[in-house]
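Here is the structure we will look at.
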Protein chains: 2
Amino acid sequence: MRADARRRRDAIISTACSLARTRHEDAIPLEEIAQEAGVGIATLYRNFPDRLSLRQACAEFLIHKATTLLEVADHAITILEEEHQHGAPSAFSLHIEKIWDQLMWDLVELGLGTLMPIFAPNDIASMSPDIREKFDHVIGLLDNVLTHVHRIGLIDRQFDGITIVIGLSTASRPQVPGLSSLVPDLEKQMVRIFLRGLRPVS
Amino acid sequence: MRADARRRRDAIISTACSLARTRHEDAIPLEEIAQEAGVGIATLYRNFPDRLSLRQACAEFLIHKATTLLEVADHAITILEEEHQHGAPSAFSLHIEKIWDQLMWDLVELGLGTLMPIFAPNDIASMSPDIREKFDHVIGLLDNVLTHVHRIGLIDRQFDGITIVIGLSTASRPQVPGLSSLVPDLEKQMVRIFLRGLRPVS
């Protein structure tokens, strides 16, 4: 694919993902996605003959972004552990905690709450094998980060990667506007309570 | 209203609420509600000329049930506090904790997660004044129970009644079947993590 064709395709995908964060994906006309992405509707249809193919591309795009976030966190923790031989244990735990918190909020920011229920198929067995493999890879990366986070006692050992991903998605789902008006910063407050709930109970 | 007419009306309301727990309320034909409730469709329409009036009646029914649960908990705590003069403090805290946990799970069981987003209007200001008054009464009762629960350090003081009601509703929202299959007992696990997150952080 030529560079400008690739750019147009990427613009369509990221626009579709971004619009789906505030509205139900089925309710967004493909014409609107094309317009917002700055491409003609013919270009959109040439890249994505139907809604399903666009949805698959969005799922891959998000999984790719989540993978990058997790690899960065994992890499940072590995470096910290190597340096840890020489450093103070309390500073080490503090650094891991910072990386973990950042990772959690980055995943929320990515749009887990709005997007997971849209892109997750009704039956997990019907997920395309390719996407399923990438999804499992993401969960594996998170489980790997968790081994370090468990070791320093930041998160209760009973909670694994899949539970945390679904929990973040549940806590950050968009709220009915009538409820949002009753609690300041409602969506963030829900994520904060969820993250507190992952800590070990003393 | 005669007793049998009242019974039929109540059957329609509780059937409508119960069906709305697993399916989107708009998608449930009124004919199905009538049939499940064991009444004719004419009886349903005589009681509820349109969907909105049935929805209002369901909201009142649920608020009434929640009010009863809260009054029972409040009453039990009042009795405990009177007896507390003579009892051991640790047993007292343990009893309050039991009442609190029971209350939380009863509210989940009532169907907060499935029903709140359906019955909450898009703009809280558009809630009928009568239902709004009853809703505020429920939140007031919960805030009252919370003063006791805060005092014994069971729940962090920053969390008030409205945050907890919305949080329970968020945590217990039905999950996409594809995700439910990945974590055993997913909906309950989400509520458990939310309830842990309300505790004070040591």
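In segment A:1-99, the convex hull through the Cα atoms has an average projected area of 8.6 nm², a quarter of its surface area.
Look at A:His64, B:His137, A:His86 and count the other Cβ atoms within 10 Å of each Cβ; fewest to most, that gives A:His86, A:His64, B:His137. Where a ≥ b ≥ c are the square roots of the eigenvalues of the C-alpha gyration tensor, would you call the protein assembly as shown rounded, which needs a/c under 1.5, or, failing that, prolate if a/b is larger than b/c, or oblate? Oblate.
Sorted shortest first, the distances from the A:Gln35 label point to those of the same residue in the other copies are 4.2 nm; each point sits 7 Å from Cα along Cα-to-Cβ.
In percent, how large is the relative contact order of chain A, given Cα pairs closer than 8 Å and 6 or more residues apart? This gives 21 percent for chain A. Overall size of segment B:148-202 from C-alpha positions, given as principal axis extents largest first: 41, 23, 14 Å.
Close amide H pairs (under 5 Å, H built 1.01 Å from N) link B:Arg199 with B:Asp156, residues at least 5 positions away or on another chain.
So how do A:Ser169, A:Ser14 line up by other beta-carbon neighbours within 10 Å, fewest first? In order of increasing Cβ crowding within 10 Å: A:Ser14, A:Ser169. Against chain B, whose longest principal axis comes from its Cα atoms, helix B:129-151 is set at around 20 degrees.
Chain B holds its axis-closest Cβ, relative to the rotation onto A, at the residue and whole-Å distance B:Gly197, 2. Pairs of Cα atoms in segment A:56-197 fall into 10 Å distance bins, from 0 up to the last occupied one, in shares of 11, 39, 32, 16, 3, 0 percent. Sorted from nearest, the other copies put their A:Glu81 label points 5.1 nm away, the label point being 7 Å from Cα in the direction of Cβ.
The same position A:Leu52 in the other copies lies at 4.0 nm from this copy, comparing label points 7 Å beyond Cα toward the beta-carbon, shortest first.
Entry note, chain A: the mean residue ellipticity at 222 nm calculated from DSSP H runs of n ≥ 4, each adding -39500 (n - 2.57), is -23500 deg cm²/dmol after division by the residues and rounding to the nearest 500. Would you list, by chain and number, the lysines whose Cα falls below 21 Å from the Cα of A:Lys98, excluding same-chain residues fewer than 8 positions away? Result set, ordered by chain and number: A:Lys65, A:Lys188.
Largest first and in whole Å, the equivalent-ellipsoid semi-axes of segment A:1-49 read 19, 11, 8, each the square root of five times a Cα gyration tensor eigenvalue.
Values in this text are rule-based calculations from the coordinates and carry no lab data. The structure presented is a predicted model; accordingly, all values stated were derived computationally and were not measured. Counting neighbours? That spans all protein chains shown, and the Cβs are built from the backbone with ideal geometry, glycine included.
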